[in-house]
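Everything on this sheet refers to the single structure shown next.
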Amino acid sequence: MDMLAATSILQQQAADIRATRINWQSYLTSGMIAQEDYNVIVQIDGYKDKDERERYFQSPENRFNAIKTFINLMGSIAKEQTLQYLLILVDDIIQEDSGRVEYFHEYSAKAKLSCWAPFLNFLNRGDGFIPNMASRILAKMACWSKVPLEREDLHYYLTWLKNQLLVQRNEFIQSVARCLQMMLRVDQYRFAFVSVDGISTLLSVLTGRVNFQVQYQLIFCLWVLTFNPLLAEKMNKFNVIPLLADILSDSVKEKVTRIILAVFRNLIEKPEDPQVAKEHCIAMVQSKVLKQLSIFEQRRFDDEDVIDDIDFLSQRLQLSVQDLSSFDEYSTEVKSGRLEWSPVHKSAKFWRENAGRLNERNYELLRILIHLLEGSQDPLVLSVACFDIGEYVRHYARGKHVIEQLGGKQLVMQLLAHEDPNVRYEALLAVQKLMVHNWEYLGRQLEKETGGPQSATTLIARG
């Protein structure tokens, strides 16, 4: 997305500040700036158009003196209005010619200084405009320069961006998102962002109430992340697909629809492991994306990429439905964390044939079920998870031992006191299955004596 798009508060304010004039003479007279810096800033600030600045920067000496003056002034001037003006001037200069970011590196190398430090220091300012304009400059320097932002500086900057997304009612959130849109186009920055819990942060903001512009920008960030095959493979571990499917069904903006479809396509095309691509297809089917695609097929889209993405996704998802096994369906549902009473849970045939498969990948599915018991607030999820654990124990000979070893038994027993009666009921049945050895006898007794939570309670009281 173009960093020039003038829709943000930052750029509206920048236009107003740019129209003001700074009295550089007063800074010189008071001794706050040196004569040499005064001469340079007055000359650069006096140029009426970018052609004059272009001629000025053709001289290596002028380039060196200009950057030296900017660094000196940013370090010695405290007045917010003047700092705002200086940052806008720097931003305009590198926006006119992206190659000018190298001038900062050339100067810093000769002066043995960090070219990042002056701008990183501004991120701590209380004034909202200065940190966000400095952030805008940092993003351009990090993405347009041959010298990347690295290590502690990169971690600090990405953490700042992530935290700014979480600031309540942040009026500069569009500017923050634009910086991330730039940064995440660079592959080495993608992994650094993921390492500071960036994906979870993006999803956290998307689950809240944000306008469609911010929604688009943050989903754009997810999209560029998925161009890396490794990140595309791990993306849905964060439940990206169900969340984006919900947004897709509610969205009325074509740009949001377009970017979500592009994410979905990458999640199928980019993973190198075909099993992961298959799981992503199943997750989309379970999140009712096929139904949404059939609706889109009746609409007219001017963008050919959107039409192509709809056709691609429809074909791949329909193929995945044909190949879908009951265990594939179950596995994808568990991994999504969105458990419901789909037919597979209550199928005795499914549990007879597949209970042992919950041990695969070091008990991956069992660990997820137990994690849901511990962390979910949804009574439906808790009820289904309790039921599934009970069925696993019932149909797998060593199930009781495995569940105890993974810490599941204690969590199920804690849910006996849950406020929701359905959760208490399913927890009670699961506890019985964990305690009783004769499953056929228990099954007959349950059929004969339990019609609900009250009679089941009577049964367990009998021992």
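Annotation: CYS115 fulfils all but one of (1) assigned to a helix (DSSP H, G or I); (2) free of Cβ contacts under 8 Å to residues at least 40 places away in the same chain; (3) buried (at least 18 other Cβ atoms within 10 Å of the Cβ); the unmet one is (1). No other residue among LEU369, LEU358, LEU373, LEU411 is farther than 17 Å from LEU429 by Cα and assigned to a helix (DSSP H, G or I) apart from LEU358. For residues that are modelled with pLDDT of 90 or more and more than 21 Å from the chain's Cα centre (by Cα), scanning just segment 277-293, find the one that is surrounded by the most Cβ atoms within 10 Å (Cβ to Cβ). Selected residue: LEU293.
Inclusion of HIS371 among residues that are surrounded by fewer than 21 Cβ atoms within 10 Å (Cβ to Cβ) and farther than 21 Å from GLN414 by Cβ is not warranted.
Determine if segment 119-127 includes at least one residue that is part of a helix (DSSP H, G or I), free of Cβ contacts under 8 Å to residues at least 24 places away in the same chain and within 19 Å of TYR156 (Cα to Cα). Yes, segment 119-127 contains at least one residue that is part of a helix (DSSP H, G or I), free of Cβ contacts under 8 Å to residues at least 24 places away in the same chain and within 19 Å of TYR156 (Cα to Cα). Restricted to segment 57-81, and to residues there that are in contact with a Leu (Cβ under 8 Å, 6 or more places away or on another chain) and among the β-branched types (Val, Ile, Thr), the residue that is nearest to GLN13 (Cα to Cα) is ILE77. Against the conditions (1) part of a helix (DSSP H, G or I); (2) modelled with pLDDT of 85 or more, GLU340 satisfies every one except (1). Scanning segment 381-391 turns up one or more residues that are more than 21 Å from VAL436 (Cα to Cα), in a helix (DSSP H, G or I) and among the aliphatic types (A, V, I, L, M). As a summary of the residue check, ASP302 satisfies the conditions (1) modelled with pLDDT under 85; (2) outside any loop (DSSP other than H, G, I, E, B) except for the one numbered (2).
Taken over segment 29-40, the residue count meeting the criterion of being surrounded by 13 or more Cβ atoms within 10 Å (Cβ to Cβ) and either small (Gly, Ala, Ser) or within 38 Å of the chain's Cα centre (by Cα) (or both) is 1. Of all residues in segment 146-171, exactly one satisfies the criterion of being in a loop (DSSP other than H, G, I, E, B) and crowded, with 20+ Cβ neighbours inside 10 Å, namely LEU149.
The single condition among (1) more than 12 Å from the chain's Cα centre (by Cα); (2) modelled with pLDDT of 95 or more; (3) among the hydrophobic types (A, V, I, L, M, F, W, C) that VAL252 does not meet is (2). Kindly indicate whether any position in segment 40-49 is part of a loop (DSSP other than H, G, I, E, B) and either among the aromatic types (Phe, Trp, Tyr) or under 23 Å from TRP116 (Cβ atoms) (or both). For segment 40-49, residues part of a loop (DSSP other than H, G, I, E, B) and either among the aromatic types (Phe, Trp, Tyr) or under 23 Å from TRP116 (Cβ atoms) (or both): present. For first residues located in segment 296-311 and surrounded by 12 or more Cβ atoms within 10 Å (Cβ to Cβ), partners that are part of a loop (DSSP other than H, G, I, E, B) and lie 6+ apart or on another chain with Cβ distances below 6 Å form the pairs ILE307/PHE301. Consider segment 251-276 and keep the residues that are of a type outside the set (Val, Ile, Thr) and farther than 21 Å from ASP305 by Cα. The one that is surrounded by the most Cβ atoms within 10 Å (Cβ to Cβ) is ASP273. Looking across segment 402-425, the residues that are farther than 21 Å from GLY356 by Cα and among the acidic types (Asp, Glu) come down to GLU419, ASP420.
Residue-wise test of (1) modelled with pLDDT of 95 or more; (2) more than 17 Å from ILE67 (Cα to Cα).
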| site | (1), (2) |
| --- | --- |
| SER114 | no, no |
| ALA117 | no, no |
| SER135 | yes, yes |
| PRO148 | no, yes |
| ARG151 | no, yes |
| LEU158 | yes, yes |
| ARG178 | yes, yes |
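Pick from THR69, THR20: which is part of a loop (DSSP other than H, G, I, E, B) and either more than 36 Å from the chain's Cα centre (by Cα) or in the same structural domain as GLN174 (by TED's automatic domain parsing) (or both)? None of the other options fit; the residue is THR20. The residues of segment 41-61 that are surrounded by 12 or more Cβ atoms within 10 Å (Cβ to Cβ) and free of Cβ contacts under 8 Å to residues at least 12 places away in the same chain, listed by number, are TYR47, GLU52.
The values are calculated or read from the model by the stated rules, or taken from the named source; none is laboratory data. Remember, it's a predicted structure, so these values are computed and weren't measured experimentally. Using ideal geometry, Cβ is built from the backbone for each residue, glycine included, and neighbour counts are taken over all protein chains shown.
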